[in-house]
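This report concerns only the one structure given below.
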Amino acid sequence: MFVILMIKTVCAWTSDGKRLGEFEKIHTDRQGRCAFHPMGDYLATTGWDRLWCLYDLDKRKCVLTQEGHSERVHSVAFHPDGSLIATGDLGGVGRVWDCRSGRAIMGLDSHVKGVLDIDFSPNGFVVATAGEDHSVKLWDIRKKRDHTLSAHLNTVTCVRFEPQKGDWFVSGSFDKCLKLWSYHNYVNCNELIGHESRISDVDVSPDGHFIVSCGHDQTWKLWSTDKYMFESRNAPLKSISDVVIKQEHVDDHSPIKSETPLLSSHDRTMIDVANNNNGNNNSASNTNTRVTMDIDNDGHKE
């Protein structure tokens, strides 16, 4: 199953394009992002109504609605064991919450502008946040302290940990650059240059060998973390806003080769998409188009 966020609607689909139905409507304003619980049983959504919600996937019903942000809530991520959830708002404030009780257990409050992305390290000890203030912040949730990286020359739109050991993480920005950082000493290890416009989102393959990025230049790019090479494809979209990699082992380092015909199933603007790791992953744009990326097979389906 995967889900697509539209303005105020969450809709579930099978990986072969069959519509399963809409979730209970809770948000009263535009939705931000969504994330699946690691066990695949729940879905979290954020909204500009300053709420985040937790849904039961089988019933497509909301089981928890939580207040606590004073600005529009945008980013969301689950702890690797599913016990915690992290959210970030457009006022620059992040929160870490207990998933069972909905209680906030830690504030992430030192960004001076919006938190556009958020991610947990694989060991669950650190939260990374990407900010409109050009910075990436690393928050130690055990010691309750943070470290700030002056990461980019413009808004940082995305941040993602390498999912195996978390030895490095990658950030992307409106400055058109991806940067790789050491988790151990916060040194900038490499810069990946190739996008001709703002970078929208980034993800890392489960084995850490690949990075995929997308941007306002109407392209997605696949990068080898071993050789820092990339394959670029033009996509017939006004802009690509979100991208995720299939959560299965990827052992073929050859470039993605094929593109297949357009599959269009929406008449409303899509905001975000997420997958519960039992089928193809998908990315979404702010147009009426769905984009599928499957590294194991032919690569890119639109």
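No value in this document is a laboratory result; all are computed from the given coordinates. Keep in mind that this is a model prediction, so the values were computed, not measured. All Cβ positions, glycine included, derive from the backbone under ideal geometry; neighbour counts span all protein chains shown.
What is the fewest-to-most order of ILE199, ILE211 by other Cβ atoms lying within 10 Å of their Cβ?
ILE211, ILE199
Taking Rh as the Kirkwood radius, which is the inverse of the mean 1/r over Cα pairs, what is the Rg/Rh value for the stretch 22-243?
My calculation of the ratio gives 0.95.
What are the ³J(HN,Hα) couplings of the stretch 57-71, residue after residue, when phi is run through the Karplus curve with 6.51, -1.76, 1.60 and θ = phi - 60°? Round to Hz, x for glycine and proline.
Working through the residues one at a time gives 5, 5, 8, 6, 10, 6, 10, 7, 10, 10, 8, x, 8, 9, 10 Hz.
If you keep only loop residues by DSSP, which trypsin sites (Lys or Arg not before Pro) in the stretch 1-80 have at most 14 other Cβ atoms within 10 Å of their Cβ?
Those that pass, being in a loop and sparsely packed, are LYS18, LYS25, LYS59.
Could you tell me which of the pairs LYS137/LYS179; LYS25/LYS165; LYS113/LYS176; LYS113/LYS143; LYS59/LYS137 are separated by over 26 angstrom between their Cα atoms in the structure shown?
On the way: LYS137/LYS179 14 Å; LYS25/LYS165 38 Å; LYS113/LYS176 19 Å; LYS113/LYS143 24 Å; LYS59/LYS137 36 Å.
Distance filter (> 26 Å) returns LYS25/LYS165; LYS59/LYS137.
ASN190's amide H: which non-local residues (gap 5+, or another chain) put their own amide H closer than 5 Å, with H modeled 1.01 Å from N in plane and none for Pro or chain starts?
LEU180
I want to check the label-to-label distance for ASP109 and ASN123. Put each point 7 Å from Cα in the C-beta direction and report it in nm to one decimal.
Going from the ASP109 label point to the ASN123 one covers 2.8 nm.
Could you tell me which trypsin sites (Lys or Arg not before Pro) in the stretch 122-181 are loop residues by DSSP with no more than 16 other beta carbons within 10 angstrom of their beta carbon?
ARG142, LYS143, LYS144, LYS165
In the stretch 18-85, which GluC sites (Glu not before Pro) fall in coil by DSSP and have 13 or fewer other Cβ atoms within 10 Å?
Taking the stretch 18-85 and a limit of 13 other Cβ atoms within 10 Å, the loop GluC sites (Glu not before Pro) found are GLU24, GLU67.
Karplus couplings for the stretch 195-203 from phi (6.51 cos²θ - 1.76 cosθ + 1.60, θ = phi - 60°), rounded to Hz, Gly and Pro as x?
Per-residue couplings from phi come out as 6, 9, 8, 4, 8, 9, 7, 8, 8 Hz.
Which of TYR186, TYR42 comes first, and how do the rest follow, when ranked by fewest Cβ neighbours within 10 Å?
Result, fewest neighbours first: TYR186, TYR42.
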